[in-house]
Structures are given as C-alpha cells and as structure tokens.
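First the structure, in the form of structure tokens, and then the observations on it.
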Amino acid sequence: MSDQACASCADKGKCDEDKRLNQALCRIKRKIVVLSGKGGVGKSTVAANLAAGLALEGKKVGLLDVDVHGPSIPRLLKLTGIQPGLEGDMMLPVEWSWNLKVMSLGFLLPDSDEAVIWRGPVKGGVIKQFLENVAWGDLDYLVVDCPPGTGDEPLSVMQLLGTKAQALIVTSPQAVALDDVRRSVTFCRRLDNPVLGIVENMSGFVCPDCGATHNIFSTGGGEVLAKDMGVPFLGRIPIDPSVASSGDAGEAFLAIKGQSPSALAFKDVVAKVMAMAPADQADAPAPAAPATDRPAPGGESSKLTVAVPTVGGILCAHFGHCETFAVMDVDTATGNILATRHETPPPHEPGVIPAWIADLGVDVVIAGGMGQKARDLFEEKGVKVVVGAMAAAPEAIVADYLRGSLTTGPNTCDH
Ligand code: ADP
C-alpha cells in the first residue's frame, strides 16, 4: 500500500497494520501452505522435510507452524524447549540452520501438554503476528504447516498471505482421505489460491529387511484424484519406519538424506516444488502442471469434454430420454467452460448413445440416472460416468463438478 493511500485512509491504524504485514510479505518470494484434509497423513512430516530439503538446496527458507492445537514442528526438528529471542518488538525465529528459520506456537507455550482454547478471531490474530512480528527477513520460501481441514487457521493463513500463496496438499492413498482432499482443493479454488500439487504420503511400505516396497493399502489414489481435479501430482512417499523414527528423534531431515526410497521420494518432491515454484521467478504465475500430470484423456492439455443430458435446458433425469446433450469443453486448470454446444442424440436404442457420445470426444458424462449396461458401455469406451446429479443448468453442474462440490444423490435409473 502506498503512503499516499495511507494519508487519505479513514482507518489509519488498520492501514498501518496492513502496511506492516505487506512489508513483511514482500520480502518472501514464495509462500507454500501445506494442507491436508485429515490429521495423521504426514502433513507436518512433509512440511518439515520440504522446508529442510529446500534449505539443503541452499534456499533461504522459513517454516511457520500454525497448528495452534498441536504444534509438532519443534519436535520434528529437535527444537523443543527453545525460546525465540526478541529484538525490539520483533520475535526472532529459531534457526535450525543458517538458512532455515522456524516459528511455532510450540515455542511460546509454557507447557507442551497445555491445551490451547482459542476462538477463530484469536487464532487469526496470532497467525497475523507470526507473519508480521517475526523477523523473517528475506526468504526464498515460506512453508506454512496448517492444521488439518479447512477451518480457521488455513483460512486465516490464505487470507493473510494473499492469492499468490500456493497450496501443497498431503494425503494418504485411501479413498476416505482422498474425499477430504477434494474439499481442500475446493477450498483453495474458492479463495483463488493455486494448488501447487498433491503429495501422496504413506504410499506403499518400505520393508526394513529387504528394502523392497510393498503396497499395503491401494496406491495411486492421490494421482488419480489430482488428474480428476486438474491439479499437479507431486509424488508418492512410501511408509518407511525410518521416517517415523527420525521424526520421533527430531531428525526429520534424515528422511531426505541417503538413497532410501523415501529419501529419494522426498527429494523428488523438493525438486518438483523448486521447478514449479521457482523462487527467482516469484512474480510469474504458477506454471501449469507438467503434461504427464494433467487431466488429459485426449492429449497434452488440461481440456476436458463433459456432456450433460438435458430436457428444457436443465439436466434430464434419464440420459436415454433427453432432448439434447450439452457438450462442454472445459479447462480443468482454471475451471472455465471454454465452449458449449448442444447435440441432438440419435434415437434411443441399446448401445447407440454411448458410442455416439464417445465419438463426440466426450471424456465425462454427468447424468441423473443411467442403467448399468449403458454405464459399462461408457466405461469400455473410456468415458467416465457420474450419476445422481440433480436437475440444474448443465453449466452449473459442470462448474460444481470442476470445483469438486457436485452433490449427487441415488442413481435415478438403475435398470
Ligand atoms: P499430520 O501432520 O498429518 O498429523 P504427522 O506428520 O504428524 O501427520 O505424521 C503422523 C505420524 O506418521 C508421525 O508419527 C510420523 O512420523 C509418521 N509418518 C509420516 N509420514 C510417514 C512415512 N512416510 N512413513 C512412516 N511414518 C510416517
């Protein structure tokens, strides 16, 4: 904010405060907010290793732990019991190394067993102070470890950091965790914050005896979801007992040392983050996902073609009896509908419409109801089917689908 704006400002106190925050943020090139839909998926572990990995690459890094209810960064980096220093009215972040500065509420609580009972606005105030009253100085990257979910802390962080802050979402591969990731992606899209990518942690198990990776749970769910939602996939990190034991020992950085599969996986994520969010091009928009990570059923772009059966301009409950199909080309990276055309289907006979839709180059059909045979035919032709959508304008349905917030009910036709 310019001084001229301050001079004419009706709320000088607020304006000065904003100025102070902006001055602090201007010195930070890239802000990466680490989110997860659920607790226990390894978000803090990934945040700590990402920050340590970037620092080991010679970047100037800040790591801010805003999990006011369970700050775990001091423990993960063996910094418990350390008190941040003061210089005037500024707090000095704790230095893990010359180029990794850390701040956490955990440093300020007199007793780590103490429960913090704060309401949203208080948490927001504390987070703001962590940004503007901590002497971060010039940073290439600020990595912010948020509590799980999309509650007060992530919201405050995003709002304070602004729309250039990029989210890195950590998930485990199970479907139940993946559902929560959709909410995290939607949360970022609503706030206009780009999603840097998804990391699938605890993906396969590295056997300490033979060193081989075994898939205990299903893997790859994070990557499928990333494609589905049009966000980059940053990689998989296996379950590795040494990740847990080094974290317990406060030596999270060990996880990125050596040549173990987990160490290499962490290094790969760090390399992707540096490539996709280069600190020396902080003013450039976040580059789109690499072609291989894009939702590209038909090619290299993030273009997806979605068809919705309509009658009277809104979704028709049974796709076989619709008047037209609204066929929309959408850009999954931006969520924009690029073009809509209305196609009249051939007469309803078994098997005809799936083949006709596939020939139109459609990737996804969103319907109210559809029989199993038709669904199987679509599947065979590589067309994804979503059923149970409610009657609404096709554009609204597609917009909700792209945001991950499409509400679906029962399949209204399941013969
Ligand atoms: P969150 O921040 O999502 O709650 P944490 O980072 O605190 O999760 O991790 C939860 C537990 O899982 C910790 O004990 C941590 O050491 C362990 N953990 C995280 N990632 C891995 C991994 N890839 N392999 C083995 N243990 C892991």
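The values are calculated or read from the model by the stated rules, or taken from the named source; none is laboratory data. What you see is a predicted model; the values in this text were computed from it and never measured. Cβ sites come from the backbone with ideal geometry, for glycine too, and all protein chains shown count toward neighbours.
General remarks:
- Checking each residue in segment 83-106 for being at pLDDT below 90 and touching a helix residue (DSSP H, G or I) at 6+ places or on another chain (Cβ under 8 Å) picks out Gln83, Leu105, Gly106.
- Residue within segment 66-83 that is within 10 Å of the ligand (Cβ to nearest atom), acidic (Asp, Glu) and under 30 Å from Thr186 (Cβ atoms) present: yes
- Residue list for segment 262-280, filter: more than 10 Å from the ligand (Cβ to nearest atom), surrounded by 17 or more Cβ atoms within 10 Å (Cβ to Cβ) and within 23 Å of Cys207 (Cβ to Cβ): Ala263, Lys267, Val269
- Hits in segment 222-253 - residues which are β-branched (Val, Ile, Thr), more than 10 Å from the ligand (Cβ to nearest atom) and buried (at least 20 other Cβ atoms within 10 Å of the Cβ): Val231
- Just one of the numbered conditions (1) in a strand (DSSP E or B); (2) in contact with a Pro (Cβ under 9 Å, 6 or more places away or on another chain); (3) away from the ligand (no atom under 16 Å from the Cβ) is not true of Tyr141: (2).
- Positions within segment 139-157 being out of contact with any Asp or Glu (no Cβ under 9 Å at 6 or more places or on another chain) and not polar (S, T, N, Q), in sequence order: Leu139, Tyr141, Leu142, Val143, Gly151, Asp152, Pro154, Leu155, Val157
- When Val306, Val327, Val383 are checked against the criterion of being surrounded by fewer than 21 Cβ atoms within 10 Å (Cβ to Cβ) and of a type in the set (Val, Ile, Thr), Val327 stands alone in meeting it.
- Of all residues in segment 149-182, those being within 16 Å of the ligand (Cβ to nearest atom) and at pLDDT 90 or above number 7.
- In the condition set (1) under 20 Å from Pro148 (Cα atoms); (2) at pLDDT below 95; (3) within 27 Å of the chain's Cα centre (by Cα), Gly58 is compliant with all but (1).
- Unmet requirement for Gln372, which otherwise passes all of (1) surrounded by 15 or more Cβ atoms within 10 Å (Cβ to Cβ); (2) out of contact with any Pro (no Cβ under 9 Å at 6 or more places or on another chain): (1)
- Between Pro354, Pro410, the distinction of being of a type outside the set (A, V, I, L, M) and assigned to a loop (DSSP other than H, G, I, E, B) belongs to Pro410 only.
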